[in-house]
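Laboratory data are not the source of any read-out in this text; all were calculated from the coordinates shown. Source: prediction; values computed, not measured. For neighbour counting, all protein chains shown are included, and Cβ atoms are generated from backbone atoms with ideal geometry for every residue, glycine included.
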Amino acid sequence: HEINNPLTAILGYSELLELGIHGPVTPAQREAISRIQRSQRHLLGLINDVLNFAKLDAGSVRFDLADVSLADAVAAAESMVAPQMAAKNLHFVLPSCENVPAVRADAEKLRQVLLNLLGNAVKFTDRGGEIAVTCEAGPTAVRLAVRDTGIGIPAEKLEAIFEPFVQVDRQLSRPNEGVGLGLAISRELARGMGGELTAESVEGAGSTFTLTLPRAG
Ligand code: ADP
């Protein structure tokens with residue numbers, strides 16, 4: 001609350017200004033107000049990431065495990081990144097998740113992990129590339145892989161990217177796109193559900209992130 005209240009106030013007062021409550025707004029002022037609002041949203045996102053990671057790290061996050069359809073979870077996450085994929089003309093393929101057995105997972109946290117993996121795939125893949133999600137069931141676990149044809153990750157960074165605040169190239173990750181907590185959070189979430197999250201990559205050719213979760217039942 002100590003953090004959320006001032007952030008909510010920033011948004012609230014900027015919206016009052018935008019509405020002209022305190023007098024007419026010039027186009028330049030409108031542009032400035034919209035920048036304030038974008039920065040407010042960005043800061044809110046970063047703070048949520050930091051708080052979420054701190055909670056996970058302290059072991060105080062509860063996991064509500066249930067039988068979850070991977071296909072549904074992928075569809076939900078994909079629909080959230082579909083606009084960004086379309087904007088970058090990325091080709092999305094999903095050949096093998098439809099009939100894969102259900103997993104034991106916390107549905108909301110699973111969606112969060114998938115959203116992070118798909119979001120990264122979109123962020124680090126150039127226009128016209130491909131993002132593929134594949135599923136494969138083993139005797140006790142199901143593996144879901146998110147593969148992209150993006151910039152890839154140097155071999156010596158493949159483990160480090162799962163540590164908090166590590167980004168391969170800060171320039172590339174532009175200032176308003178995260179602080180390097182997404183994968184640290186995602187791995188903690190995967191492990192909290194009894195699973196694992198790993199990465200493979202060929203620099204310049206693409207990356208594959210593999211999420212393993214226990215089979216339901
Ligand atoms: P953020 O996306 O906020 O930087 P993440 O923890 O999600 O934080 O990712 C950490 C870093 O790992 C990224 O900054 C990037 O350097 C690298 N990375 C993650 N996913 C990919 C990917 N699909 N392709 C290339 N690099 C990636």
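Odds and ends about this structure:
- Counting only DSSP beta bridges with both residues in segment 86-217, the antiparallel share comes to about 90 percent.
- Cβ-defined net charge surrounding residue 50, 14 Å radius [Lys, Arg +1; Asp, Glu -1]: -3
- Residue separation of residue 156 and residue 62 scaled by 0.36 nm, minus their Cα-Cα distance, works out to 30.5 nm of gained length.
- Candidates 102, 121, 32: whichever shows maximal mean-square fluctuation once the chain is modelled as a Gaussian network with Cα springs under 10 Å: 32
- Relative contact order of the chain, defined on C-alpha pairs under 8 angstrom at six or more residues apart (%): 21 percent
- Paramagnetic reach from residue 94 in segment 117-157 [backbone N under 12 Å; point 7 Å along Cα→Cβ]: 132-135
- Global form of segment 1-94, assessed from the alpha-carbon gyration tensor, a/c cut-off 1.5: oblate
- Computing FRET efficiency as 1/(1 + (r/R0)^6) for residue 35 and residue 11, where r is the C-beta to C-beta distance and R0 is 22 Å, gives about 0.95.
- Taking a ≥ b ≥ c as the square roots of the eigenvalues of the Cα gyration tensor, segment 42-100 is classed as oblate, since a/c reaches at least 1.5 and a/b does not exceed b/c.
- Springs join every pair of Cα atoms under 10 Å in this Gaussian network model of the chain, and among 25, 93, 50 the largest mean-square fluctuation is at 25.
- The chain: most fluctuating residue of 125, 26, 140 per GNM, C-alpha cutoff 10 Å: 26
- Loop-located chymotrypsin sites (Phe, Trp or Tyr not before Pro) in segment 102-184 (DSSP state not H, G, I, E or B) with no more than 14 neighbouring Cβ atoms inside 10 Å: 165.
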